[in-house]
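Working notes for the structure below.
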Amino acid sequence: MDQDSHCTAERKLLEARSSITTFSTTTPSGEEQNQPKAEILYQARKENPEKDDLQDSSASLSPNSSMTTKELQEYWRNEKRQCRQVKLLFEIPSTRIVEHHLSKYVMYKIIILQTGSFDSNKSVIERRYSDFEKLHRNLLEGFSEEMEDVTFPKKTLTGNFTEEIINERKLAFKDYLRLLYSMKYIRRSKQFIDFLTRPELQEAYGCLRGGQYTKALEILSEVVGLQERLTRGSPVSIVPTLCAIVVCYKDLDNPASAFEYGEKALSRLHVRTSHRYYIPLLESMVTLAYELGKDFLSLQEKLEEWKAKKDPVRVFTLKELAVREYVQ
């Protein structure tokens, strides 16, 4: 079920619940007085079979859930964010020519910002023609039908560095990204998201492995915002980046910030306790909570509860997992 359907179903479920509340607190007349609550719920389910997904989510977050109040609040904040349709705008305002020993190419500066309001957290990346070309090939392989009418600017034998050609390509690539983003399955695809984030993530994890935590943190903090916008329908996908930020802050002796990002990551893993990052993250959060004088017992209980249910297996530490990401 896509985000729009999810939101519509959620609204109608709330309306149905509101009707039930009204029924129980007022004195209706006529047919309404004889209509049982179960019938109202049945009608809502009949109109929106997708509502069952919401019921499952509500059930998993019942008062008997192991989530803390803070985790519940964070979970529902994430759910509400997913219901808001985020639209991104792509601009290519400038370029630069890069020359190495035997190679010369144009780097296109891409600015990605959210439409509808002033966006102070715009993302800025650079890509060259060959990066766009690789993206196009990958999309043709995975989405041949959707890409059938999508044109791509051809490379010329001469004149690739003239101002005229560069300006033409700036406009062409801007329209190209806009068109790709307008297609739901493509904007959610790994190919499209990797094009916009993978080079920066590779650089950040390279810095992390080299002990350059400040530089790694700078890059990760830039890219995580873009990842959140691109993967709003799949919040779990940014957990590795959030955990890498935790690792950086821990090694920079900033436990408070590490704990803050750890909470964000943990809230996204509540229903994914089998995720490879879940136990390493919990272990790190227990240590951080103890160091900060926070409640670590509830985290410890979750950790012991999970270990009791699973067969004992070797679990990597959070840092060991992080340094294995994006290894070529």
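Coordinate-derived values only; no laboratory data. Since the model is a prediction, treat every value here as computed from it, not as a measurement. Backbone-built Cβ (ideal geometry, glycine too); neighbour counts: all protein chains shown.
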Checklist outcome for this item: The local net charge around Val106, scoring Lys/Arg +1 and Asp/Glu -1 for residues other than Val106 whose Cβ lies under 12 Å from its Cβ, equals +3
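Residue separation times 0.36 nm, minus the C-alpha to C-alpha distance between Thr231 and Phe316: what's the value? Working shown, then result.
Working: separation 85, 0.36 × 85 = 30.60 nm, distance 2.58 nm.
Separation in residues times 0.36 nm, less the Cα-Cα distance, equals 28.0 nm.
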Next on the checklist: Below 11 angstrom from the Cβ of Gln191, what's the summed charge of the other residues (Lys, Arg +1; Asp, Glu -1)?
Outcome noted: +4
Item to check | FRET E, pair Ile111, Thr156, Förster distance 22 Å, beta-carbon r, rounded to 0.05 | outcome: 0.25
Next on the checklist: About the Cα centre, and with charges only on the beta carbon of Lys, Arg (+1) and Asp, Glu (-1), how big is the dipole of the stretch 87-188? Nearest 20 debye, please.
Outcome noted: 280 debye
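How big is the charge dipole of the stretch 199-324 about its Cα centre, in debye rounded to the nearest 20, if each Lys and Arg gets +1 on its Cβ and each Asp and Glu gets -1 on its Cβ? Before the final figure, lay out the partial values.
Numbers: 17 positive and 17 negative charges, 99 e Å.
Its charge dipole is roughly 480 debye.
Tell me the relative contact order for the stretch 106-194 as a rounded percent, counting alpha carbon contacts under 8 Å between residues six or more apart.
Values: 56 pairs, mean separation 21.0, N = 89.
Computed over the stretch 106-194, the figure is 24 percent.
Sorted by packing (mean other beta-carbon atoms within 10 Å per residue), highest first, where do 240-248, 188-196, 282-290 land? Show your work: numbers first, answer last.
Working: 240-248: 25.8, 188-196: 18.1, 282-290: 20.0.
Ranked from most to least packed, the peptides come out as 240-248, 282-290, 188-196.
Taking each pair of different alpha-carbon atoms in the stretch 87-188 once, compute 1/r for the pair, average those values, and report the inverse of that mean as the Kirkwood hydrodynamic radius in Å to one decimal. Could you put the intermediate results ahead of the total?
On the way: mean 1/r = 0.0673 Å⁻¹.
By the Kirkwood definition, the hydrodynamic radius is 14.9 Å.
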Item to check | Cα lying deepest toward the dipole's positive end in the stretch 87-188, options Gly159, Leu140, Leu89, charges on Cβ | outcome: Leu89
Next on the checklist: Charges on Cβ only, +1 for Lys and Arg, -1 for Asp and Glu, centred on the Cα centroid of the stretch 160-293; of Tyr213, Val236, Pro199, which one is farthest towards the dipole's positive end?
Outcome noted: Val236
Next on the checklist: How far apart, in nanometres, would the label points at Thr273 and Ala172 be if each is projected 7 angstrom from Cα along the Cα-to-Cβ direction?
Outcome noted: 5.4 nm
Next on the checklist: Over the Cα atoms of the stretch 199-324, what radius of gyration and what Dmax do you get, in Å?
Outcome noted: 14.2, 40
Checklist entry - In a shell of Cβ-Cβ distance under 14 Å around Ile245, excluding Ile245 itself, what net charge do Lys and Arg (+1) and Asp and Glu (-1) give? => result -3
